[in-house]
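Visitor: My questions will all concern the structure given below.
Only the coordinates and a few stated rules stand behind these numbers; no lab work does. Remember, predicted model here, so these are calculated numbers, not experimental data. Every residue, glycine as well, gets a Cβ built from its backbone with ideal geometry; the counts of neighbours run over all protein chains shown.
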Amino acid sequence: MDFFTALRVSGSGLSAERTRVNLASSNLANAETTRGPDGQPYKRLDPVFQAVAMEGANATPGAPGEKPMGVEVSQVVADQTPGKRVYSPGHPDADADGFVTFPNVNPVNEVVNLLSASRGYEANATAVETLKQMAQRGLDISR
Amino acid sequence: MRSELDMIVGGVRPLERPEAHTIEAPGKSGEGTFTGELTKALGEVDKLQVDADQQAKMVAEGGGNLHEMSLALEKADISMRLAMKVRNKLVDAYNEIMRMSV
């Protein structure tokens with residue numbers, strides 16, 4: 001049913017925004033982590049979104065490239081900008097010069113990211129809600 | 001006498017049969033019949049119900065994810081409502097016909 005295409009599109013949006021929230025909270029949680037699994041300081045993670053064709057979208061009229069598209073996280077990239085270095089010779093992760101490299105995470109940016117992702121999630125949820133109301137309204141016509 | 005009778009009988013034209021409508025025999029579950037389509041649609045509604053059930057089970061077991069479950073429930077809800085609408089219309093039509101005085 002073509003009615004469910006928008007549901008699937010919004011569902012993919014919800015999944016993508018949730019991934020973004022996951023990564024933002026990971027960045028926040030590791031804002032001070034000086035050692036990751038590879039022994040290096042934590043690097044902030046960013047999702048890369050990609051538009052994907054949705055199954056069932058073919059029922060929508062339009063050219064092949066102009067169908068409703070869902071979104072998916074195509075990859076997660078680690079931000080390679082260097083983190084700030086703090087002089088702290090007693091720290092177990094200090095280098096030979098006594099400097100500790102902290103993650104390149106700015107908590108303020110991450111919180112803004114989190115807010116934006118949460119708003120995006122809400123927007124997709126609102127689209128689902130609207131669609132549901134439309135479906136019910138459409139069914140009410142023949143009451 | 002005979003010829004008079006022939007004249008009278010010849011004057012009576014046989015009743016013309018109205019063009020018979022071709023109605024598909026009901027009960028066949030083949031493509032295109034109403035029953036077949038209805039069964040197919042009900043099968044799809046059932047599939048969505050089962051899907052919603054599985055999603056809810058997955059979430060209850062700690063797997064799955066919440067919005068996928070909500071969407072599956074929503075799909076099941078909408079399709080069930082549509083099925084109920086069709087059923088009510090059918091029953092209404094049936095009652096209407098049964099009330100008809102012949």
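Visitor: Calculate the length of the line joining the C-alpha centroid of segment A:23-86 to that of segment B:30-86, in whole Å.
Guide: When both Cα centres are located, 32 Å separates them.
Visitor: Along Cα→Cβ, 7 Å out, is where each label goes; now give me the distance between the ones at B:Asp53 and A:Ala123 in nm to one decimal.
Guide: Each label point lies 7 Å from its Cα, and together they span 3.8 nm.
Visitor: Can you run phi through the Karplus equation (6.51, -1.76, 1.60; θ = phi - 60°) for segment B:60-73 and list ³J(HN,Hα) in whole Hz, with x for Gly and Pro?
Guide: 4, 8, x, x, x, 8, 4, 6, 4, 5, 4, 5, 5, 4
Visitor: So which trypsin sites (Lys or Arg not before Pro) in segment B:38-84 are both in a DSSP loop and have at most 13 other Cβ atoms within 10 Å of their Cβ? Walk me through the intermediate numbers first.
Guide: Details: sites: B:Lys40, B:Lys47, B:Lys57, B:Lys75, B:Arg81; in loops: none.
Taking segment B:38-84 and a limit of 13 other Cβ atoms within 10 Å, no loop trypsin sites (Lys or Arg not before Pro) are found.
Visitor: Tell me which of B:Gln54, B:Ile97, B:Gly36 sits at the most positive position along the dipole axis of segment B:30-102, charges placed on C-beta atoms (Lys, Arg +1; Asp, Glu -1).
Guide: Result: B:Ile97.
Visitor: Determine, from the Cβ-Cβ distance of A:Val52 and A:Ile141 and an R0 of 30 Å, the FRET efficiency 1/(1 + (r/R0)^6), rounded to the nearest 0.05.
Guide: Numbers: r = 34 Å, r/R0 = 1.12.
That pair, A:Val52 with A:Ile141, gives E of 0.35.
Visitor: Can you list residues from other chains, or at least 5 along the same chain, whose modelled amide H is less than 5 Å from the amide H of A:Val52?
Guide: It is A:Gly70, A:Val71, A:Glu72, by chain and number.
Visitor: Let me ask something else. Can you give the longest run of chain A that contains no GluC sites (Glu not before Pro) sitting in a DSSP loop with at most 15 other Cβ atoms inside 10 Å?
Guide: Longest site-free region, per DSSP loop and neighbour criteria: A:56-143.
Visitor: Taking the Cα centre of the protein assembly as shown as origin and charging only Cβ (+1 Lys, Arg; -1 Asp, Glu), how large is the dipole, in debye to the nearest 20? Spell out each step's value before the answer.
Guide: Details: 26 positive and 33 negative charges, 94 e Å.
So the dipole magnitude of the protein assembly as shown works out to roughly 460 debye.
Visitor: Right, next: Per the helix-only calculation at 222 nm, which mean residue ellipticity applies to the protein assembly as shown, given -39500 (n - 2.57) for every DSSP H run of n ≥ 4 and division by its residues, nearest 500 deg cm²/dmol? Please report the intermediate quantities before stating the final value.
Guide: Values: 5 runs with 132 residues, N = 245.
One gets -19000 deg cm²/dmol as the mean residue ellipticity at 222 nm.
Visitor: Quick one: which of B:Lys57/B:Lys85; A:Lys67/A:Lys132; A:Lys43/B:Lys57 span more than 31 angstrom between C-alpha atoms? Before the final figure, lay out each step's value.
Guide: Numbers: B:Lys57/B:Lys85 28 Å; A:Lys67/A:Lys132 21 Å; A:Lys43/B:Lys57 36 Å.
Too far apart for the 31 Å limit: A:Lys43/B:Lys57.
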